[in-house]
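Worksheet: the structure to be examined is printed underneath.
The values are calculated or read from the model by the stated rules, or taken from the named source; none is laboratory data. Source: prediction; values computed, not measured. Positions of Cβ are backbone-derived with ideal geometry, glycine not excepted, and every protein chain shown enters the neighbour counts.
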């Protein structure tokens, strides 16, 4: 008898249940972020003054965070490759490098928020800033959630358990990066 729960090995589709579950979760997330981005674009095209508001976003901070997230995605890929080889120590190490990237992203984002708010660019200044803080804040919540889940997965990986979860958290992490790839040009570059 296998020590794995039946839900991880049984699948009518031929796709592991965990992988199918993560794709279902991401499908719902696409609706959330997709709706937010489409609404933002509809407003942006009808509010010319948003260009002046967007000029106050910190493009360097956004660029640094883009680099950090893309690098952390590389570490997630390396963690998955190590888990596939059953190299639990390297998988554990690369998962924690990814978590460190999440932490660095949040530090830069905190600096950015603090600076913007201290200069009067808060959520209630203009609808642009409401969208900015809602989109980047929601994204930051996903970064935090991903880092927490990754730490839980890393703990199991260190014990040699549930190695397939490295792939699942990696898929989620890549989604978080893709969302940022949309937010960065819309909020920081399109001035």
**OP:** Answer yes if at least one residue in segment 68-83 is over 20 Å from residue 163 (Cβ atoms) and either in contact with a strand residue (DSSP E or B) (Cβ under 7 Å, 6 or more places away or on another chain) or without any contact (Cβ under 8 Å) to a residue 60 or more places away in the chain (or both), and no otherwise.
**Re:** yes
Original post:
If we scan segment 129-138, do we find a residue that is more than 12 Å from the chain's Cα centre (by Cα) and more than 24 Å from residue 70 (Cα to Cα)?
Top reply: yes
Original post:
Here is a list of conditions, (1) closer than 20 Å to residue 178 by Cα; (2) in a loop (DSSP other than H, G, I, E, B), and residue 121 meets all of them except one; can you say which number that is?
Top reply: (1)
Original post:
Looking at segment 122-143, is at least one residue without any contact (Cβ under 8 Å) to a residue 40 or more places away in the chain, farther than 23 Å from residue 185 by Cα and in contact with a helix residue (DSSP H, G or I) (Cβ under 8 Å, 6 or more places away or on another chain)?
Top reply: no
Subject >> Failed item, numbered, when residue 74 is tested on (1) more than 22 Å from residue 136 (Cβ to Cβ); (2) at pLDDT below 95; (3) surrounded by fewer than 16 Cβ atoms within 10 Å (Cβ to Cβ) >> reply: (2)
Subject >> helices (runs of 4 or more DSSP H) completely within segment 5-112 that count 3 or more residues being within 29 Å of residue 153 (Cα to Cα) >> reply: 17-44, 59-84
